[in-house]
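This report refers to the structure that appears directly beneath it.
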């Protein structure tokens, strides 16, 4: 990951932001950014059902920081099973989202930089495919297409034309059919002790 982040940092050194791994101190800033960018209903989306109670895939929670180190953009990828293949075996994949940029920093290439860094790191870590729900005209430039998800469904309402996929390994999603299900590591919950 360090090599990917170093190359992204070098490329954007002339800009006023850097791409970095998310850390525990970013949680409040990230959640506030997502609330502003995605609106009050963001937790009701089908994608959220796949993320709820899970942690992002290892090394795939990224933020953009301004020159002062404040979080101005975020993207996370989550482990899912993308249905099954022709042999009935589950198809591991990643679900990207949400991607969000602080409105005051839109138009600076932050979203694109986060996407490129996330895709490169997912590929470097050996993942086979990334899925997302989003605007096709924006995500097609990164290689995401609805054709890749035509036999897959989300767990809840979704717009077919906005459900997109990208093979990181050639043909990874070919033949994948069925419902997306969460497969990532569960969020650790503190244990409650009963009073004696």
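The values are calculated or read from the model by the stated rules, or taken from the named source; none is laboratory data. In this text the structure is predicted, and so the values were computed from the model without any measurement. Glycine also receives a Cβ, built like all others from the backbone with ideal geometry; neighbour counts cover every protein chain displayed.
Things to note:
- Contact map, the stretch 102-114: residues that are touching a residue at least 12 places away in the same chain (Cβ under 8 Å) paired with residues that are in a loop (DSSP other than H, G, I, E, B) and crowded, with 19+ Cβ neighbours inside 10 Å, Cβ distance under 9 Å, separation 6+ or inter-chain. Pairs shown: 110/102; 111/99; 114/99.
- Just one residue in the set 54, 43 is out of contact with any helix residue (DSSP H, G or I) (no Cβ under 6 Å at 6 or more places or on another chain), surrounded by fewer than 18 Cβ atoms within 10 Å (Cβ to Cβ) and at pLDDT 90 or above; that residue is 54.
- Considering the conditions (1) out of contact with any helix residue (DSSP H, G or I) (no Cβ under 7 Å at 6 or more places or on another chain); (2) more than 19 Å from residue 81 (Cα to Cα); (3) at pLDDT 95 or above, residue 115 is excluded by exactly one of them, (1).
- Residue within the stretch 177-193 that is over 24 Å from residue 71 (Cα atoms), under 13 Å from the mean Cα position of the chain (by Cα) and either without any contact (Cβ under 8 Å) to a residue 12 or more places away in the chain or in a loop (DSSP other than H, G, I, E, B) (or both) present: yes
- Within the stretch 120-138, tally of residues that are surrounded by fewer than 22 Cβ atoms within 10 Å (Cβ to Cβ), in contact with a helix residue (DSSP H, G or I) (Cβ under 7 Å, 6 or more places away or on another chain) and under 18 Å from residue 20 (Cβ atoms): 2
- Scoring residue 55 on the criteria (1) touching a residue at least 60 places away in the same chain (Cβ under 8 Å); (2) touching a strand residue (DSSP E or B) at 6+ places or on another chain (Cβ under 7 Å) leaves a single failure, condition (2).
- When residues in the stretch 140-157 are screened for being more than 19 Å from residue 82 (Cα to Cα) and in contact with a strand residue (DSSP E or B) (Cβ under 9 Å, 6 or more places away or on another chain), 2 of them pass.
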